[in-house]
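Chemist: Before I ask anything, here is the structure I am working with.
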Amino acid sequence: MPVANQSSVIALPQPQISIVAPLYNETESLPHLVTRLNAVMDASPLMIEVVLIDDGSRDNTAVLMQQLALTDGRYHCVFLSRNYGHQIALTAGLAAAVATEALFIIDGDLQDPPELLTQFYQKFREGYDVVYAIRKKRKESWFKRMAYSTFYRLMRSISYVEIPLDSGDFSLISRRVADVLSQMPEESRFIRGMRSWIGFRQIGVEYERDARQAGESKYSFKMLRRLAYNGIFNFSEYPVKIVTRLGMITLTVAILYLIQTLIKKFMYGDVPQGFTATLFVIVLFSGVQLIALGMIGEYVLRIFFQTKGRPLYVVREVIRRQERQPISGANTVLPKYTEPNQPL
Ligand code: UDP
Ligand code: MG
């Protein structure tokens with residue numbers, strides 16, 4: 001009779017849900033996050049894993065994550081080789097998550113309450129592939145709220161996919177949506193737009209966005225602007241269209257002006273005056289042309305970075321289920337991801 005091998009490692013059952021949170025210099029909020037996540041996991045009948053991604057933090061975040069993953073098998077920690085930015089870190093987390101049913105995407109600073117998992121999961125069970133959060137109230141600065149609000153409304157009017165208003169990355173997505181997201185090779189990622197593009201049944205749930213638990217925002221103005229640009233230039237052809245239209249308007253005005261000048265010259269023998277007007281027109285349209293070049297340049301830049309074919313990110317180490325699995329050498333890149341890198 002075969003005897004069961006006592007020393008064999010007992011395989012932990014596959015989790016149903018992965019909670020995915022990218023972290024960058026979050027030493028102050030991490031302990032709060034873990035407390036809240038533990039409470040959610042303890043109270044839930046679901047089998048849950050937490051995937052934390054260290055996006056090249058310079059503080060103690062990585063050390064805390066190591067301790068956490070080594071002591072609590074529910075935590076699955078991925079360490080990136082440097083800081084790649086939130087969207088890429090999140091992509092790394094989605095690729096690492098092994099949940100069979102759905103992935104719950106949250107920020108690591110507790111602005112997105114993890115307790116909403118139950119409510120989102122209910123919607124998921126009703127047959128929605130994407131349950132995204134709609135921010136009803138934001139406890140953030142007036143400027144930030146205004147900027148976000150304007151951006152989402154602008155995106156709605158120019159984007160070729162319908163991106164819901166006031167919804168960020170906070171969402172519960174099904175396994176198949178996560179798989180599609182992972183197969184999308186875009187290097188300049190705007191995940192909320194990509195999520196809309198994927199389709200299936202999607203629904204919004206309203207919530208009040210909390211203030212950051214501790215520490216300061218890790219998204220600088222420059223990073224926010226880059227995210228906004230990724231949204232506009234990856235999900236809209238409007239900037240190029242507007243350039244063409246501007247060109248046509250300019251041409252029409254120029255032709256009309258020429259006709260008027262010729263009439264004046266031949267019918268009244270009037271030599272056109274107006275050096276200042278000429279100068280003004282030259283300067284104005286030089287500016288317009290530069291803007292137009294810049295807009296087209298945005299698309300060219302995206303083609304440039306995409307054609308490099310670099311991986312999106314490099315993983316330094318993965319710690320999961322009390323097993324250290326240092327990844328080194330040629331295997332440092334997650335095999336599924338062979339897309340190019342985020343421009344620096
Ligand atoms: N984050 C990241 N990499 C970065 C910047 C931010 O992983 O380069 C993480 C950060 O730790 C947080 C989440 O992304 O968990 C959202 O960032 P943050 O709260 O700073 O942005 P805000 O909410 O202010 O827009
Ligand atoms: Mg935040």
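The values are calculated or read from the model by the stated rules, or taken from the named source; none is laboratory data. All of these numbers come straight from a predicted model, not from anything done at the bench. All Cβ positions, even for glycine, are placed from backbone atoms using ideal geometry, and neighbour counts span all protein chains on display. Note: accessible area is taken over every heavy atom of the protein model, side chains too, but ligands, DNA and RNA are not part of it. Shrake-Rupley method; radii C 1.70, N 1.55, O 1.52, S 1.80 Å.
Chemist: Considering region 278-322 alone, what residues qualify as being basic (Lys, Arg), in a helix (DSSP H, G or I) and open to solvent by less than 60 Å² (accessible area, probe 1.4 Å)? Write out each step before concluding.
Modeler: Filtering region 278-322 for residues basic (Lys, Arg) gives 302, 308, 310, 316, 320-321.
Pick out the ones that are also in a helix (DSSP H, G or I) and you get 302, 308.
Residue satisfying the conditions is 302 alone.
Chemist: List the number of the failed condition for residue 221; all other conditions in (1) free of Cβ contacts under 8 Å to residues at least 40 places away in the same chain; (2) away from ligand 1 (no atom under 16 Å from the Cβ); (3) surrounded by fewer than 18 Cβ atoms within 10 Å (Cβ to Cβ) hold.
Modeler: (2)
Chemist: OK, next. Residues to consider are 81, 57, 29; find the one that is away from ligand 1 (no atom under 13 Å from the Cβ) and either among the polar types (S, T, N, Q) or open to solvent by less than 30 Å² (accessible area, probe 1.4 Å) (or both).
Modeler: One residue alone meets the criteria, 81.
Chemist: What number of residues within region 164-186 are more than 19 Å from residue 152 (Cα to Cα) and within 16 Å of ligand 1 (Cβ to nearest atom)? Before you say what the answer is, go through the steps one by one.
Modeler: Here is the first cut: in region 164-186, the ones more than 19 Å from residue 152 (Cα to Cα) are 172-186.
Subset that is within 16 Å of ligand 1 (Cβ to nearest atom): none.
The qualifying residues number 0.
Chemist: Let me confirm something: among 69, 92, 147, which residue is open to solvent by 10 Å² or more (accessible area, probe 1.4 Å) and within 30 Å of residue 58 (Cα to Cα)? Outline the logic, then answer.
Modeler: On the way: 69 fails: open to solvent by 10 Å² or more (accessible area, probe 1.4 Å); 92 fails: open to solvent by 10 Å² or more (accessible area, probe 1.4 Å).
Going through 69, 92, 147 in turn, just one is open to solvent by 10 Å² or more (accessible area, probe 1.4 Å) and within 30 Å of residue 58 (Cα to Cα): 147.
Chemist: How many residues are crowded, with 19+ Cβ neighbours inside 10 Å and acidic (Asp, Glu) if we restrict to region 100-137?
Modeler: Here the count works out to 4.
Chemist: Okay, moving on. Looking only at region 236-253, decide whether some residue is open to solvent by less than 100 Å² (accessible area, probe 1.4 Å), part of a loop (DSSP other than H, G, I, E, B) and touching a Ser or Thr at 6+ places or on another chain (Cβ under 9 Å).
Modeler: yes
Chemist: Right, another one. Which members of region 95-113 meet the condition of being among the small types (Gly, Ala, Ser), more than 10 Å from ligand 1 (Cβ to nearest atom) and within 20 Å of residue 55 (Cβ to Cβ)? Break it down into steps so the answer makes sense when it comes.
Modeler: Residues of region 95-113 that are among the small types (Gly, Ala, Ser), as a first pass: 95-97, 99, 102, 108.
So of that shortlist, the ones also more than 10 Å from ligand 1 (Cβ to nearest atom) come out as 95-97, 99, 102.
If the condition is that a residue be among the small types (Gly, Ala, Ser), more than 10 Å from ligand 1 (Cβ to nearest atom) and within 20 Å of residue 55 (Cβ to Cβ), then 95, 96, 97 are the ones that fit.
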